[in-house]
Amino acid sequence: MKKGWVALGAIVLVIVIVAGMYISARNQMVRKNETVKSDWAQVDVVLERRADLIPNLVATVKGVAAQEVTVFTAVANARANLMNAQTPKDKIAANGQVDSALVKVLALTENYPQLKSNESFLQLQDELAGSENRIAVERRRYDNAIQDYNTFIGTFPNSTFAHWAGFQRNDAYFAASPTKRAVPTVAFPAAKQ
């Protein structure tokens, strides 16, 4: 009879330990998932800030370089896609389009030197650079939060607890586009002899 009580006590102790581990792990998963959501909200805020700067930048450039309609159309379409995107994956993809479009707008300064002396353009360019820096910081923070969350739910025994609680891996990382990964070609004009 005494062995039965000892066995029952051991089983109850194991159940209590496993339940405690499950509750602790689940609470950590909830906190880490909320951190991912909060960090995404910060990314979203800085992306919208940049998107709000784009119309002013385009209007300033348009006044000087009216014939560059294709560049302005690309910027407008990229901004619209970003503003209409709903999920983090969609916003990340739309953000890549905005990056490409902005590179084209900023490249116009090479063709139109008068833009370099336009005070509104220079101020907007500085604000845009500041936004890009904020975006880079928030992207890194967001990607780190996702990595922390994914690592936590992927390790044992948390992976079992995550499965029981319905937590799934989040793969909505920011990643460089294939075009940005390509090695740039640098060509210098031939030297005069």
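The values are calculated or read from the model by the stated rules, or taken from the named source; none is laboratory data. All values derive from a computational prediction rather than experimental measurement. Counting neighbours? That spans all protein chains shown, and the Cβs are built from the backbone with ideal geometry, glycine included.
With the condition kept exactly as written, say whether any residue in segment 53-63 is surrounded by fewer than 10 Cβ atoms within 10 Å (Cβ to Cβ) and either more than 26 Å from residue 165 (Cβ to Cβ) or over 33 Å from the mean Cα position of the chain (by Cα) (or both). The answer is no, given that none of the residues of segment 53-63 is surrounded by fewer than 10 Cβ atoms within 10 Å (Cβ to Cβ) and either more than 26 Å from residue 165 (Cβ to Cβ) or over 33 Å from the mean Cα position of the chain (by Cα) (or both).
Farther than 26 Å from residue 155 by Cα and among the basic types (Lys, Arg) - does that describe any residue in segment 40-50?
yes
Applying the selection to segment 12-44, what residues are of a type in the set (A, V, I, L, M, F, W, C) and in contact (Cβ under 8 Å) with a residue 24 or more places away in the chain? Give the steps one after another, and end with the answer.
Going through segment 12-44, the residues of a type in the set (A, V, I, L, M, F, W, C) turn out to be 12-19, 21, 23, 25, 29-30, 36, 40-41, 43.
Scanning segment 12-44 gives 21, 25, 29, 36, 40, 43.
The criterion of being in a helix (DSSP H, G or I), modelled with pLDDT of 85 or more and either farther than 23 Å from residue 110 by Cα or aliphatic (A, V, I, L, M) (or both) holds for residue 36.
Quickly run through segment 127-160 and pick out the residues that are within 17 Å of residue 171 (Cα to Cα) and either of a type in the set (Asp, Glu) or assigned to a loop (DSSP other than H, G, I, E, B) (or both). Before you say what the answer is, go through the steps one by one.
First, the residues of segment 127-160 that are within 17 Å of residue 171 (Cα to Cα): 138-155, 159.
If the condition is that a residue be within 17 Å of residue 171 (Cα to Cα) and either of a type in the set (Asp, Glu) or assigned to a loop (DSSP other than H, G, I, E, B) (or both), then 138, 143, 148, 155 are the ones that fit.
Table: residues versus (1) at pLDDT 80 or above; (2) assigned to a helix (DSSP H, G or I).
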{"residue": "83", "(1), (2)": "yes, yes"}
{"residue": "125", "(1), (2)": "no, yes"}
{"residue": "171", "(1), (2)": "yes, no"}
{"residue": "175", "(1), (2)": "no, no"}
